[in-house]
1. Here is a check on your reading of the model: is ILE132 over 23 Å from GLY30 (Cβ atoms) and assigned to a helix (DSSP H, G or I)?
2. Considering each residue of the stretch 159-203, count those that are within 12 Å of the ligand (Cβ to nearest atom), in a loop (DSSP other than H, G, I, E, B) and polar (S, T, N, Q), and give that number.
3. Does ILE85 meet the test of being away from the ligand (no atom under 16 Å from the Cβ), in the same structural domain as LEU197 (by TED's automatic domain parsing), surrounded by fewer than 20 Cβ atoms within 10 Å (Cβ to Cβ) and farther than 26 Å from ARG4 by Cβ?
4. Mind listing whichever residues of the stretch 133-157 are at positive phi and either more than 16 Å from the ligand (Cβ to nearest atom) or outside the structural domain of LYS225 (by TED's automatic domain parsing) (or both)?
5. Anything in the stretch 68-97 that is in contact with a strand residue (DSSP E or B) (Cβ under 6 Å, 6 or more places away or on another chain) and closer than 22 Å to ARG242 by Cα? List them, or say none.
6. May I ask you to list the residues in the stretch 1-22 that are assigned to a strand (DSSP E or B), of a type in the set (Ser, Thr, Tyr) and farther than 17 Å from GLU96 by Cα?
7. Does the stretch 229-240 contain at least one residue that is polar (S, T, N, Q), in a helix (DSSP H, G or I) and in the same structural domain as LEU98 (by TED's automatic domain parsing)?
Amino acid sequence: MNYRSRAIILKTIDYRDADKLVTLFSEKHGKVRAVARGVKKPASSLRVCLQPFCHSNLYLSGGKELENVTQGKLIDFFPNIREDIDLTLQVLYLMELLDKSLMDHMALPSLYSVTLTVLEYLNTHGNNPLAIRYFEANLLKYLGYQPLLERCVNCGTQSGKLQSFNLVRGGVICPECSKTLTSDFDFSGEALSILRLISSRDVNTMHRIKASQAALKNLEFFLEKNLEYHLERRFNMKKTIRTLKYL
Ligand SMILES: [Zn+2]
């Protein structure tokens, strides 16, 4: 099968001789792994459009086991992200999340569009932890794991304090139900309000949301716990960011 698709480059690794193995999130076919032949040669026109987190228009052709990237044209390099080491690490973490959570050849056009808007947002507005949390919350949503936040996941009540979260059931639980169900996580009131907000809004409004450091920490921990639970993987890039921050 030969086709053309827009794609976001998730990662590249060295492959035979001058070739690289590229993992990309394509708009038409979801996650695809493909060989880019001769890409390490200085004259290769593919070099520029196959850098991690580039947005490119690619031509692909089916091979026996792996597809081949035959041609490409860069759409966006996100230069402002690349100038900021901290932001680059954050974005590489988002690419890692996608790489570890997407199934091969399963198209998710809405998640593709969210990824693109988050990259454009970060390139324009600079680092904003809420934009990263926005991406994580949307990733959970489009993978089918959106947390239920509006009513108790067990009895359905909307009244009372709904700040405990049960991971197995995937939602908040009321004080009565938390007598029998495990509370895996406790939200602060502020963090829960922010999560409800970011789940219902567009990424371009993220810099208008006010959040305390404590609420941001609470929210980061909640989304990390959820992603780890559902994806059952450790996120190496997140660990790297943490190590670099506390050096
Ligand atoms: Zn309940």
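The values are calculated or read from the model by the stated rules, or taken from the named source; none is laboratory data. Everything quoted here is computed from the prediction, not taken from an experiment. Cβ coordinates were reconstructed from backbone atoms using ideal geometry, including for glycine residues, and neighbour counts include every protein chain displayed.
1. Details: over 23 Å from GLY30 (Cβ atoms): no; assigned to a helix (DSSP H, G or I): yes.
No, not satisfied.
2. Pass one, the stretch 159-203, residues within 12 Å of the ligand (Cβ to nearest atom): 159-162, 164, 166, 169, 171-181, 183.
Next cut, in a loop (DSSP other than H, G, I, E, B) only: 159-162, 169, 174-176, 180-181, 183.
Now drop any that are not polar (S, T, N, Q), which leaves 159, 180, 183.
The total comes to 3.
3. Values: away from the ligand (no atom under 16 Å from the Cβ): yes; in the same structural domain as LEU197 (by TED's automatic domain parsing): yes; surrounded by fewer than 20 Cβ atoms within 10 Å (Cβ to Cβ): yes; farther than 26 Å from ARG4 by Cβ: yes.
Here the answer is yes, as ILE85 does meet what is asked.
4. Initial filter on the stretch 133-157 (at positive phi): 144, 156.
The one that is at positive phi and either more than 16 Å from the ligand (Cβ to nearest atom) or outside the structural domain of LYS225 (by TED's automatic domain parsing) (or both): GLY144.
5. In the first step, residues of the stretch 68-97 are kept if they are in contact with a strand residue (DSSP E or B) (Cβ under 6 Å, 6 or more places away or on another chain); the result is 68-76, 95.
MET95 - this is the single residue of the stretch 68-97 that is in contact with a strand residue (DSSP E or B) (Cβ under 6 Å, 6 or more places away or on another chain) and closer than 22 Å to ARG242 by Cα.
6. Within the stretch 1-22, the subset assigned to a strand (DSSP E or B) is 2-14, 20-22.
Filter again for of a type in the set (Ser, Thr, Tyr), leaving 3, 5, 12.
Of everything in the stretch 1-22, those that are assigned to a strand (DSSP E or B), of a type in the set (Ser, Thr, Tyr) and farther than 17 Å from GLU96 by Cα turn out to be TYR3, SER5.
7. Of the residues in the stretch 229-240, the ones polar (S, T, N, Q) are 236, 240.
Right, trim to in a helix (DSSP H, G or I) and you get 236, 240.
Right, trim to in the same structural domain as LEU98 (by TED's automatic domain parsing) and you get 236, 240.
Yes, the stretch 229-240 contains a residue that is polar (S, T, N, Q), in a helix (DSSP H, G or I) and in the same structural domain as LEU98 (by TED's automatic domain parsing).
Here is a yes/no grid of residues against (1) touching a Phe, Trp or Tyr at 6+ places or on another chain (Cβ under 7 Å); (2) outside any helix (DSSP H, G or I); (3) crowded, with 16+ Cβ neighbours inside 10 Å; (4) not assigned by TED's automatic domain parsing to the domain that holds SER5:
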{"residue": "LEU24", "(1), (2), (3), (4)": "no, yes, yes, no"}
{"residue": "VAL35", "(1), (2), (3), (4)": "yes, yes, yes, no"}
{"residue": "VAL48", "(1), (2), (3), (4)": "no, no, no, no"}
{"residue": "GLY63", "(1), (2), (3), (4)": "no, yes, no, no"}
